[in-house]
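This report refers to the structure that appears directly beneath it.
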Amino acid sequence: MKKITKLEIYDKFKCSADQCPFTCCEDWEIEIDLDTYTRWEGNNKISTNLSETVKMNKSKHKSERYIKMNSKKLCPYLSSNQLCTLVLNQGEDYIPLTCRTFPRVINTTDELQELSLSCACPEVVDMFRDIDKAVKFLDGSNTVVPIDSSETELRHAIISLLQKKGYSLRNRILLCFQILLEIRLAPVNQKEILEKYEQEQYLQKVEELWKYSFDKQTTELWKNTFTEVSELFLDIVQNYRRRRKYKEKLKDIADLAEELLEDQEEDSIINYATEYATQFQFSFEQYDKLFEHCLVTKVFANCCSDNVDDTIMAFQIMITEYVMTKYSAFLKYKLSDNSADLYRIFRDYIVVYSRIIEYNMEGMKEFWAESFEEANWEMGYLLLLLG
Ligand code: SF4
């Protein structure tokens, strides 16, 4: 029997179905697994209109089937009151495995089964909001277990650092990235490097150095960070800002970002950059715990091997989501005259970026390779993004 490790909230998850503000039945490629497709073919009520509901992708070596979204990019089986007509009329067995599984993330090896949840679902983020201690992992009999194994030492170190008490989330992220870069430079010394980052004295020394550099920040440096993050944001959202599903979340803030970038010599960008780096930084800190849970869960689900290059790439993706969420929430909050429900704004952007960045790993790799000649960041770039 496989050894199970699962996120503490894994078994408690329940889809909010028609109450969900982010239905997963819109604007997504939903693959139809062969078992489900065979069931569809054998069911008269479904098989009569397969040409309208199924899109085939055939290549030399394989053929894949996807749900054909309608002209509004909605699943043809979604009813006007946001319920799945396949489930209502035929039963759960008739929905593709992807729909039955999401937002659960299941990683399986010969001996292990790791069960997690994706932050691309708002219900999951809401569940994380209610956890005020470090997120825990359980075994099959619901006993708290450590998640380390000889193949995932690196993941264990990253999660321990992310959950370390007494350090700001920004500094914990920097520590994680620094450890990854050091191991990449000297993989044979991984064991010694991991041990070094377990020593409180060493962590404090590194933190002191960053504190010195962050304390010296000026409005010019804040403007540099704001400009870089704005440009990155516009690149990432360019294909999404006008799409029905994301328009309400992205269009107005993308327009504002463009306006601010055009006015480089004006006071407005300096004012925005200063507020983003100072007052908003403090408002944002109340969600550090929530972000910590999201990051820990993403590391647990996406960094399952000790391959340092893969881990760096997965980590860059997570940090890009974090920075984009913070920046987008800031602009949205400003556009609401600082009156909107800040938690809802944060939650919605965590979901949006989990969908458009985390599920687009290959696209992000290409984007960074084009922007920096090499897909991996340097420490200076992370410092600039975090500001
Ligand atoms: S995003 Fe989550 S809550 Fe919403 S429909 Fe999908 S699984 Fe259900």
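We did not get these values from a lab; they are worked out from the coordinates using the rules stated. As the structure is a computational prediction, the values presented were derived from the model and not from experiment. Methodologically, a virtual Cβ is constructed for each residue, glycine included, from the backbone with ideal geometry; neighbour enumeration extends over all protein chains shown.
Distance cut-off 23 Å, Cα to Cα: go down the list LYS136/LYS165; LYS6/LYS196; LYS45/LYS245; LYS164/LYS216; LYS45/LYS68 and report the pairs above it.
Values: LYS136/LYS165 15 Å; LYS6/LYS196 29 Å; LYS45/LYS245 29 Å; LYS164/LYS216 25 Å; LYS45/LYS68 17 Å.
From LYS136/LYS165; LYS6/LYS196; LYS45/LYS245; LYS164/LYS216; LYS45/LYS68, over 23 Å: LYS6/LYS196; LYS45/LYS245; LYS164/LYS216.
Provide ILE312, ILE317 in ascending order of the number of other Cβ atoms located within 10 Å of each residue's Cβ, fewest first. Write down the numbers at each step before the final one.
Details: ILE312 19, ILE317 22.
In increasing order of surrounding Cβ atoms, one gets ILE312, ILE317.
With n ≥ 4 as the cut-off for DSSP H runs, can you work out [θ] at 222 nm for the chain, using -39500 (n - 2.57) per run divided by the number of residues, rounded to the nearest 500? Working shown, then result.
On the way: 19 runs with 218 residues, N = 387.
Mean residue ellipticity, 222 nm, calculated: -17500 deg cm²/dmol.
How high is the relative contact order of the chain, given as a whole-number percent (alpha carbon pairs under 8 Å, six or more residues apart)?
Details: 418 pairs, mean separation 74.3, N = 387.
Once divided by the residue count of the chain, the mean separation gives 19 percent.
Loop-only check: which GluC sites (Glu not before Pro) in region 118-201 are DSSP coil with at most 13 other Cβ within 10 angstrom? It would help to have the intermediate numbers written out before the result.
Details: sites: GLU123, GLU151, GLU153, GLU182, GLU192, GLU195, GLU198, GLU200; in loops: GLU198.
Here the sparse-neighbourhood loop sites are GLU198.
I'd like the GluC sites (Glu not before Pro) in region 340-375 restricted to DSSP loop residues with at most 12 other Cβ atoms within 10 Å, sorted by number. List each step's numbers first, then the result.
On the way: sites: GLU358, GLU362, GLU366, GLU370, GLU373, GLU374; in loops: GLU373, GLU374.
Here the GluC sites (Glu not before Pro) that fit, given the DSSP loop and packing criteria, are GLU373, GLU374.
For the chain, with a Gaussian network of springs between Cα atoms less than 10 Å apart, report the residue from ILE183, ILE46, ILE173 with the top mean-square fluctuation.
For the chain, modelled as a Gaussian network with Cα springs under 10 Å, the answer is ILE46.
Please report ARG100, ARG155 as a ranked list, fewest other C-beta atoms within 10 angstrom at the top and most at the bottom.
Numbers: ARG100 14, ARG155 21.
Listed from fewest to most nearby Cβ atoms, that is ARG100, ARG155.
Report the residue, chosen from LEU203, LEU174, LEU162, that carries the largest GNM mean-square fluctuation when the chain is represented by alpha-carbon nodes joined by springs under 10 Å.
LEU203
What percent of all Cα-Cα pairs in the chain falls in each 20 Å bin, counting up from 0?
25, 56, 19, 1
Can you give the charge dipole size of region 67-110 about its Cα centre, rounded to the nearest 20 debye, using +1 on the beta carbon of Lys and Arg and -1 on the beta carbon of Asp and Glu?
Working: 5 positive and 3 negative charges, 64 e Å.
Dipole size: approximately 300 debye.
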